[in-house]
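Below you'll find the structure, written out as structure tokens, and then a few comments.
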């Protein structure tokens with residue numbers, strides 16, 4: 001894939017599924033706005049409608065609960081802002097948002113924006129050392145702030161360390177206080193079963209390109225009894241919650257990928273678990289200092305995403321290790337692609353109780369459809385030397401050993 | 001060789017990297033993130049490390065077919081360059097942050113990391129030359145184009161640093177040629193404006209920027225004989241040689257303009273006087289370094305002829321220099337200037353040359369004048 005012989009960054013984006021490509025090519029040949037009243041419009045409408053039905057099926061949701069968006073980030077924005085405004089307008093004393101510290105930036109930054117611009121107050125829920133929500137602490141916070149809560153948000157599975165969250169348990173606690181829960185299921189969807197109806201969540205975000213669909217489309221599931229104040233106004237599409245001409249081509253590709261992923265889910269996650277566990281075993285064998293972050297969940301995928309590997313490599317900086325591996329043709333990540341470019345210590349690791357230095361010494365490898373045992377072997381083979389080299393490059397904050405005018409020979 | 005090309009996003013570093021690739025080296029491009037707030041956009045020729053610069057650097061690397069990375073040195077940059085800049089000004093000195101960046105970031109922190117990751121050299125778009133003497137030791141020399149020559153800001157490099165420097169623009173006759181070459185190579189930065197001013201002060205208002213960071217308290221303005229002439233709103237707002245903005249109200253007895261001669265942060269006084277008193281004839285430098293193997297006189301303490309330059313684009317002047325050693329203490333580099341030099345401020349760097357060769361540098365600790373004794377002010 002791309003320029004890397006070994007692609008281990010499927011959580012950032014994954015290969016377009018050929019069935020999605022075929023569905024889109026087919027749809028590109030047609031003209032028609034799904035909102036138009038003539039034959040061409042009705043045809044396009046049918047494509048979107050069928051896509052909606054398929055996607056609903058893969059998430060145990062009702063088709064009318066599927067709101068198409070441009071992707072995960074927009075879905076998270078719409079859920080948080082929409083729920084906040086709608087709940088606050090109904091009762092102005094509801095201004096608090098209950099949120100975990102390990103959320104994706106699409107959630108964190110949206111919540112922080114609501115705090116700085118819309119009078120929201122954030123109430124942070126702690127997570128345990130392996131990145132799982134501290135449920136009893138969350139229950140206490142729900143109890144304490146119940147009447148003032150506009151909403152609560154807890155991701156389904158973490159994008160960095162792969163920890164799966166007790167969403168249904170948490171949503172049930174919140175429901176007892178009448179608090180709606182949003183869940184970001186972008187990383188979980190297509191990797192483990194995601195059942196919207198059973199989760200008890202009010203809203204749930206998914207994205208197409210993480211499951212083999214195209215970039216630029218996603219969905220927000222919105223329970224039928226939930227109203228969101230829209231962010232975007234116009235023609236009143238998508239239950240008046242998300243105006244804008246519906247993208248039939250992308251919807252067709254999304255649905256094809258979703259259906260394919262849903263049908264093969266059990267076998268796929270089993271395969272990934274085998275590869276993942278093999279990688280954990282081989283990496284810790286080769287590099288005893290390396291520690292897996294998040295629950296090991298050996299043999300299973302109830303606590304950890306089947307395709308996620310996330311290690312601390314003490315004494316080296318994540319971006320140095322990424323660099324050396326990239327030079328060797330192995331694509332990995334220091335965290336989420338959003339913080340790539342200028343590496344910052346991972347907020348997820350900080351929330352899990354690690355210090356800034358530990359939070360910078362990490363590397364994520366994520367597996368997907370194209371991953372083979374040979375890829376894992378290539379990684380295991382390259383890692384020890386790459387680690388030594390990256391460790392030598394040191395932490396950027398350390399003092400340099402280069403002779404400079406300040407440290408040099410002052411005769 | 002495995003070469004790390006430091007890519008600012010400008011035309012010089014892009015052409016330098018292109019030449020390194022063409023010379024057959026194995027090149028990787030790296031853009032340094034030096035600001036914790038990289039969200040800013042460029043306005044005109046000001047600012048640095050913006051999203052656009054990083055993107056320009058990426059596009060140049062993509063065109064050259066070499067990998068590209070952004071490395072974060074923002075903490076080091078803040079500590080070693082920005083904070084140092086503020087504390088130097090607070091102490092009444094005039095630092096050169098570009099030299100500090102070369103000394104501590106580009107050819108120290110970056111070089112250190114590059115060497116550890118298996119690179120042999122750091123390549124930049126500086127206009128300067130590294131040549132080897134008969135024994136293979138590196139020497140730093142002025143670039144072929146004296147108008148663009150940047151050997152001054154590299155004068156702070158040590159022997160070890162020079163061992164790993166690559167300046168592919170050394171022999172380029174002019175900047176126009178670099179732009180033409182960029183154009184011919186299809187690099188989109190061919191017509192990008194040159195950077196000016198200090199990169200971390202994007203609007204160019206150094207005084208205003210400093211005023212937000214250093215406590216400004218009003219104090220006396222005295223003339224060169226100790227007479228009080230007026231009040232200033234904060235000594236750090238002035239620089240040696242400054243003429244405008246003194247707001248003294250009444251003219252000098254001779255009717256000629258007055259210039260800032262000295263800033264005394266300790267007692268918060270600014271000393272002004274006529275232009276001819278700006279001329280100094282002896283510079284004393286500390287924090288000395290030698291760009292390569294020091295010449296023999298450094299060891300012996302003997303006097304030697306050289307040229308001294310105190311600004312990036314200042315004219316070099318003739319000097320007789322020697323190293324003044326006091327046992328147990330850091331040495332002082334003393335340069336006597338038979339023709340004198342105008343407007344020298346403590347904190348500035350004196351780079352000493354013999355011909356085109358940079359011998360080394362020192363930070364100016366004091367500048368003395370035979371026509372005026374600051375002690376007279378009291």
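Looking at region B:196-209, which of its residues are within 12 Å of residue B:98 (Cα to Cα) and in contact with a strand residue (DSSP E or B) (Cβ under 8 Å, 6 or more places away or on another chain)? Lay out the reasoning, then the answer.
Initial filter on region B:196-209 (within 12 Å of residue B:98 (Cα to Cα)): B:196-200.
Result: B:196, B:197.
Run residue B:284 past the list (1) within 14 Å of chain A (Cβ to nearest Cβ); (2) at pLDDT 90 or above and report the number of the one that doesn't hold.
(1)
Could you please find all residues in region B:301-332 being over 18 Å from residue B:149 (Cβ atoms), in contact (Cβ under 8 Å) with a residue 24 or more places away in the chain and assigned to a loop (DSSP other than H, G, I, E, B)?
Passing the criteria: B:301, B:325, B:330, B:331.
Answer yes if at least one residue in region A:132-143 is surrounded by 14 or more Cβ atoms within 10 Å (Cβ to Cβ) and touching a residue at least 60 places away in the same chain (Cβ under 8 Å), and no otherwise.
Checking region A:132-143: at least one residue is surrounded by 14 or more Cβ atoms within 10 Å (Cβ to Cβ) and touching a residue at least 60 places away in the same chain (Cβ under 8 Å).
Is it the case that residue B:168 is within 30 Å of residue B:10 (Cα to Cα), in the same structural domain as residue B:13 (by TED's automatic domain parsing) and touching a residue at least 60 places away in the same chain (Cβ under 8 Å)?
Numbers: within 30 Å of residue B:10 (Cα to Cα): yes; in the same structural domain as residue B:13 (by TED's automatic domain parsing): yes; touching a residue at least 60 places away in the same chain (Cβ under 8 Å): yes.
Yes, satisfied.
Any idea which residue in region B:141-165 is surrounded by the most Cβ atoms within 10 Å (Cβ to Cβ), counting only those that are under 19 Å from residue B:177 (Cα atoms) and either over 15 Å from the mean Cα position of the chain (by Cα) or within 14 Å of chain A (Cβ to nearest Cβ) (or both)?
B:143
Would you mind stating whether residue B:138 is touching a helix residue (DSSP H, G or I) at 6+ places or on another chain (Cβ under 9 Å), within 11 Å of chain A (Cβ to nearest Cβ) and at pLDDT 90 or above?
Details: touching a helix residue (DSSP H, G or I) at 6+ places or on another chain (Cβ under 9 Å): yes; within 11 Å of chain A (Cβ to nearest Cβ): no; at pLDDT 90 or above: yes.
When the stated conditions are applied, residue B:138 does not pass them.
Which of (1) part of a strand (DSSP E or B); (2) at pLDDT below 90 is the odd one out, the single condition residue B:76 does not satisfy?
Among (1) part of a strand (DSSP E or B); (2) at pLDDT below 90, residue B:76 violates only (1).
Kindly evaluate residue B:187 against the criterion of being over 21 Å from the mean Cα position of the chain (by Cα) and not assigned by TED's automatic domain parsing to the domain that holds residue B:345.
Against the criterion (over 21 Å from the mean Cα position of the chain (by Cα) and not assigned by TED's automatic domain parsing to the domain that holds residue B:345), residue B:187 qualifies.
Looking for something more than 28 Å from residue B:310 (Cβ to Cβ), over 17 Å from the mean Cα position of the chain (by Cα) and within 9 Å of chain A (Cβ to nearest Cβ) - is there at least one such residue anywhere in region B:73-86? I'd like the intermediate steps shown before the answer.
If we filter region B:73-86 for residues that are more than 28 Å from residue B:310 (Cβ to Cβ), which is where we start, we get B:74-75.
Those left that are additionally over 17 Å from the mean Cα position of the chain (by Cα): B:74-75.
Right, trim to within 9 Å of chain A (Cβ to nearest Cβ) and you get B:74-75.
Within region B:73-86, one or more residues are more than 28 Å from residue B:310 (Cβ to Cβ), over 17 Å from the mean Cα position of the chain (by Cα) and within 9 Å of chain A (Cβ to nearest Cβ).
Please find, within region B:304-321, the residue that is nearest to residue B:132 (Cα to Cα) out of those that are at pLDDT 95 or above and surrounded by fewer than 16 Cβ atoms within 10 Å (Cβ to Cβ).
Here the answer is B:305.
Go through the residues of region A:209-220 one by one and say whether even a single one is more than 30 Å from residue A:28 (Cα to Cα) and either modelled with pLDDT of 95 or more or within 20 Å of the chain's Cα centre (by Cα) (or both).
If we filter region A:209-220 for residues that are more than 30 Å from residue A:28 (Cα to Cα), which is where we start, we get none.
No, that holds for no residue.
Filter region B:87-107 for residues that are assigned to a helix (DSSP H, G or I) and either touching a strand residue (DSSP E or B) at 6+ places or on another chain (Cβ under 7 Å) or at the interface with chain A (Cβ under 10 Å from one of its Cβ atoms) (or both) and give the result. Write out each step before concluding.
Kept after step one, since they are assigned to a helix (DSSP H, G or I), are these residues of region B:87-107: B:87-90, B:97-107.
Once the filter is applied, which keeps residues that are assigned to a helix (DSSP H, G or I) and either touching a strand residue (DSSP E or B) at 6+ places or on another chain (Cβ under 7 Å) or at the interface with chain A (Cβ under 10 Å from one of its Cβ atoms) (or both), region B:87-107 yields B:99, B:100, B:102, B:103, B:104, B:105, B:106, B:107.
State yes or no: is residue B:58 part of a loop (DSSP other than H, G, I, E, B) and out of contact with any helix residue (DSSP H, G or I) (no Cβ under 9 Å at 6 or more places or on another chain)?
On the way: part of a loop (DSSP other than H, G, I, E, B): no; out of contact with any helix residue (DSSP H, G or I) (no Cβ under 9 Å at 6 or more places or on another chain): yes.
For residue B:58, the condition - part of a loop (DSSP other than H, G, I, E, B) and out of contact with any helix residue (DSSP H, G or I) (no Cβ under 9 Å at 6 or more places or on another chain) - is not met.
Could you grab me the full set of residues in region A:1-32 that are in a loop (DSSP other than H, G, I, E, B) and under 27 Å from residue A:204 (Cα atoms)?
Looking only at region A:1-32, we keep the residues that are in a loop (DSSP other than H, G, I, E, B), and these are A:1-5, A:8, A:10-17, A:29-32.
Listed by number, the residues that qualify are A:8, A:10, A:11, A:12, A:13, A:14, A:15, A:16, A:17.
Looking only at region B:333-367, how many residues end up being part of a strand (DSSP E or B) and buried (at least 19 other Cβ atoms within 10 Å of the Cβ)?
Start the filter on region B:333-367 by keeping residues that are part of a strand (DSSP E or B), which leaves B:333-342, B:349-354, B:357-367.
Pick out the ones that are also buried (at least 19 other Cβ atoms within 10 Å of the Cβ) and you get B:333, B:335, B:337, B:341, B:349-353, B:357-364, B:367.
So the answer is 18.
Just checking, which of B:98, B:48 is within 12 Å of residue B:199 (Cα to Cα) and at pLDDT below 85?
On the way: B:98 fails: at pLDDT below 85.
After applying the criteria, what remains is B:48.
Exactly one of (1) surrounded by 13 or more Cβ atoms within 10 Å (Cβ to Cβ); (2) at pLDDT 95 or above; (3) over 20 Å from the mean Cα position of the chain (by Cα) is unmet by residue B:213. Its number?
The single condition residue B:213 does not satisfy is (2).
Give me the residue from region A:33-60 that is within 24 Å of the chain's Cα centre (by Cα) and in a helix (DSSP H, G or I) and, out of that set, surrounded by the fewest Cβ atoms within 10 Å (Cβ to Cβ). Don't jump to the end; show me each part of the working.
So the first thing to find is which residues in region A:33-60 are within 24 Å of the chain's Cα centre (by Cα), and the list is A:51-60.
Within this subset, residues satisfying the condition of being in a helix (DSSP H, G or I) are A:51-58.
On the way: A:51: 29, A:52: 24, A:53: 14, A:54: 20, A:55: 27, A:56: 20, A:57: 16, A:58: 23.
Ranking the candidates gives A:53 first.
Is it true that residue A:121 is in contact with a helix residue (DSSP H, G or I) (Cβ under 7 Å, 6 or more places away or on another chain) and either in the same structural domain as residue A:212 (by TED's automatic domain parsing) or buried (at least 24 other Cβ atoms within 10 Å of the Cβ) (or both)?
Yes: the conditions hold for residue A:121.
Does region A:61-98 hold any residues that are without any contact (Cβ under 8 Å) to a residue 24 or more places away in the chain and in a loop (DSSP other than H, G, I, E, B), and which are they?
Once the filter is applied, which keeps residues that are without any contact (Cβ under 8 Å) to a residue 24 or more places away in the chain and in a loop (DSSP other than H, G, I, E, B), region A:61-98 yields A:91, A:92.
The values are calculated or read from the model by the stated rules, or taken from the named source; none is laboratory data. The structure presented is a predicted model; accordingly, all values stated were derived computationally and were not measured. Cβ: placed from backbone, ideal geometry, glycine included. Neighbour counts: every protein chain shown.
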